[in-house]
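**Student:** I'd like to ask you about the structure that follows.
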Amino acid sequence: MSSLKNRIRRLLPVVGLIGLVAVATPVALGVLGLVTWGEAVLAVTVLFLGVAVCGLAVNLRSLRRSVLELATSVGTRTGQVTELFGQDRLELSRSLDGVRAEVKELRDGALPRAIHKITRAGVRSGRDDYEQQVAWTELREYLDVAPFMPPLRGWAASPDVLRVLVRIIDRDRPELVVECGSGSSSVWIGYALRKAGAGRLVAIEHDARYAELSRALVAAHALEDIVEVRHAPLTPVPAELADGVSAEVPWYDTGALSDLKGVGLVFVDGPPAATGPEARHPALPALLPSCADSAVFVLDDADRDEERSLGDRWLAAHPELIRVEEPTEKGAHVFTRTP
């Protein structure tokens with residue numbers, strides 16, 4: 001349409017000039033007396049009609065060309081739309097085929113297995129939560145603790161492993177308990193020793209700031225006479241790693257433990273695994289010389305492969321030890337000397 005308008009604009013000056021000549025010629029002949037005024041008017045009318053017919057013919061030709069161009073353009077666009085629609089249909093068909101395959105896979109077994117897995121995980125989580133609640137309640141009632149106690153689980157020891165420790169304390173009445181790590185569990189062990197009527201706890205902590213927080217927690221429960229938190233920075237300590245490889249691993253500075261004698265119970269719950277590989281392996285070789293013959297080692301987080309592996313090497317290096325696995329949330333292995 002814009003092309004047609006442009007052609008019409010270009011023809012207007014030509015048509016105007018022709019019209020001016022057509023009008024001026026008969027008028028001039030009439031003024032000169034060469035024709036009558038009637039003949040002049042007739043000539044002007046005929047000329048106007050001729051110009052109009054010529055202009056109409058030109059416009060019709062242009063209009064025809066524009067219509068043909070429009071038809072060609074419409075045909076091209078129609079082809080493009082048809083092609084795109086065909087591609088979209090093909091992609092949609094492929095997508096639907098993929099969805100059908102996934103639905104069939106789920107229907108044939110994946111969905112029931114996923115539901116079964118989720119259900120089992122939910123049942124296991126509910127069972128674990130129930131067991132921890134039972135252990136928490138038993139600890140509170142047996143130890144007669146303060147109304148507001150530091151939380152357990154997560155980074156801290158779980159109630160069920162604390163219950164294992166309390167049973168050992170109640171049975172053996174150790175004079176000295178050593179805890180690798182400090183925090184909430186230090187307070188609970190302190191209450192257990194107070195309940196037993198004897199013994200003290202030395203909790204060793206590699207982080208100075210956390211050691212201060214643990215001391216403040218102990219003081220809040222008025223257990224300073226039973227619980228001591230010692231800062232022992234991590235230093236390289238010789239250790240036998242997997243496959244018999246000997247190396248140095250970061251462990252507590254043994255200088256902070258040199259005065260410990262007659263240890264009856266060791267709770268190995270540190271250093272954190274993030275401090276390095278085999279971080280807890282040095283606990284037994286470093287502390288066993290300071291232990292009483294009846295000493296017990298409790299290794300927390302024993303469900304982890306690394307802890308189980310280092311426990312195996314403890315047994316290999318010390319044949320006099322036996323291991324009992326306690327079914328706690330994170331796994332607890334209890335090591336004692338054979339009678």
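**Student:** So, in the stretch 283-302, exactly how many residues are open to solvent by 10 Å² or more (accessible area, probe 1.4 Å) and in a loop (DSSP other than H, G, I, E, B)?
**Tutor:** Taking the stretch 283-302 as the starting set, the residues that turn out to be open to solvent by 10 Å² or more (accessible area, probe 1.4 Å) are 285-286, 288-294, 301.
Now restrict to residues that are in a loop (DSSP other than H, G, I, E, B): 301.
Residues in the stretch 283-302 being open to solvent by 10 Å² or more (accessible area, probe 1.4 Å) and in a loop (DSSP other than H, G, I, E, B): 1 in total.
**Student:** Now, a different point. All but one of (1) open to solvent by 30 Å² or more (accessible area, probe 1.4 Å); (2) under 14 Å from SER186 (Cα atoms); (3) without any contact (Cβ under 8 Å) to a residue 40 or more places away in the chain hold for ARG153, so report the exception by its number.
**Tutor:** It is condition (3) that ARG153 fails.
**Student:** From the list ARG323, ARG280, which residue is surrounded by 22 or more Cβ atoms within 10 Å (Cβ to Cβ) and of a type in the set (D, E, K, R)? Walk me through it before giving the result.
**Tutor:** Numbers: ARG323 fails: surrounded by 22 or more Cβ atoms within 10 Å (Cβ to Cβ).
Of ARG323, ARG280, the one residue that is surrounded by 22 or more Cβ atoms within 10 Å (Cβ to Cβ) and of a type in the set (D, E, K, R) is ARG280.
**Student:** Same structure again: Do you know which residues across the stretch 303-320 are open to solvent by less than 50 Å² (accessible area, probe 1.4 Å) and among the small types (Gly, Ala, Ser)?
**Tutor:** SER309, GLY311, listed by residue number.
The values are calculated or read from the model by the stated rules, or taken from the named source; none is laboratory data. The structure presented is a predicted model; accordingly, all values stated were derived computationally and were not measured. As a convention, Cβ positions derive from the backbone with ideal geometry for all residues, glycine included, and neighbour counts pool all protein chains shown. All accessible areas refer to the heavy atoms of the entire protein, side chains included, with ligands and DNA or RNA removed. Shrake-Rupley method; radii C 1.70, N 1.55, O 1.52, S 1.80 Å.
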